[in-house]
Amino acid sequence: MTGRQARRAALTRRIVRVVAVLVAAFSLLTAGLILMACIVNDLRIDQDLGSATATVTEVTARRSAVEFDAGGRQVRPVTGVLYPTGLVEGQRVQVEFRRANPDLVRVSGRSWTVAVLPALSVPAIAVPLSALAYAAASPRVHRPAPRIPRTDPR
């Protein structure tokens, strides 16, 4: 390998290692921010708690929409309901919402802890894969095999 090829290989290894670290860090940061947002939303709801019976009007892969009466006003939160796992269209569920902002609504009895597993699922895959990529791109140190002294059969 020429000097130029060695420098190019070293640069490629360095880039792969930097990208691996960034991917792992970004996935962990994102998971942490998701959990923090869920905690903040729960605290906001708990500080100004209202409750109602809601009807699930739509369930898609991205959200579950509900409709409920909040103090004589029909509410259909644009972003859907927090922690919608297991909801089906037409189902009636108890919800808790922030009275000052009824668009902030969650299924009763559920909290940010429901989001832990989904939030950590991406880093659970990204971090080990990043570690493998980092290890694969790390320079190999050539160490000669240890010499074993020969014994004379005399």
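Here are some notes:
- With respect to (1) within 18 Å of the chain's Cα centre (by Cα); (2) part of a loop (DSSP other than H, G, I, E, B); (3) surrounded by 14 or more Cβ atoms within 10 Å (Cβ to Cβ); (4) not small (Gly, Ala, Ser), the lone exception for residue 122 is condition (2).
- Residues that are in contact with a Pro (Cβ under 9 Å, 6 or more places away or on another chain) and not small (Gly, Ala, Ser) do not occur anywhere in the range 35-53.
- Selected residue (only one of 131, 136 is at pLDDT 95 or above and more than 10 Å from the chain's Cα centre (by Cα)): 131
- Tabulated pairs, the range 1-21, first in contact (Cβ under 8 Å) with a residue 12 or more places away in the chain and under 15 Å from residue 135 (Cα atoms), second of a type outside the set (Gly, Ala, Ser) and surrounded by fewer than 11 Cβ atoms within 10 Å (Cβ to Cβ), C-beta under 8 angstrom, 6+ apart or interchain: 10/139; 13/139
- Of the residues making up the range 92-119, those that are of a type in the set (A, V, I, L, M, F, W, C) and either at pLDDT 95 or above or under 21 Å from residue 64 (Cα atoms) (or both) are 93, 95, 97, 104, 105, 107, 112, 114, 115, 116, 117, 119.
- Selection of the range 44-70 for residues being closer than 15 Å to residue 104 by Cβ and outside any strand (DSSP E or B) yields 44, 45, 46, 47, 48, 63.
- Applying the criterion of being surrounded by 14 or more Cβ atoms within 10 Å (Cβ to Cβ) and small (Gly, Ala, Ser) to the residues of the range 1-25, the residue that is nearest to residue 122 (Cα to Cα) is 24.
- Each residue in the range 102-151 was checked for being within 28 Å of residue 42 (Cα to Cα) and not hydrophobic (A, V, I, L, M, F, W, C), and 11 pass.
- If you go through the range 88-119 and keep only what is in contact with a strand residue (DSSP E or B) (Cβ under 7 Å, 6 or more places away or on another chain) and surrounded by 19 or more Cβ atoms within 10 Å (Cβ to Cβ), you end up with 93, 95, 96, 97, 98, 102, 104, 105, 106, 107.
- Screening residue 30 with (1) more than 18 Å from residue 109 (Cα to Cα); (2) more than 21 Å from the chain's Cα centre (by Cα); (3) not hydrophobic (A, V, I, L, M, F, W, C) gives one miss only, at (2).
The values are calculated or read from the model by the stated rules, or taken from the named source; none is laboratory data. Remember, it's a predicted structure, so these values are computed and weren't measured experimentally. Backbone-built Cβ (ideal geometry, glycine too); neighbour counts: all protein chains shown.
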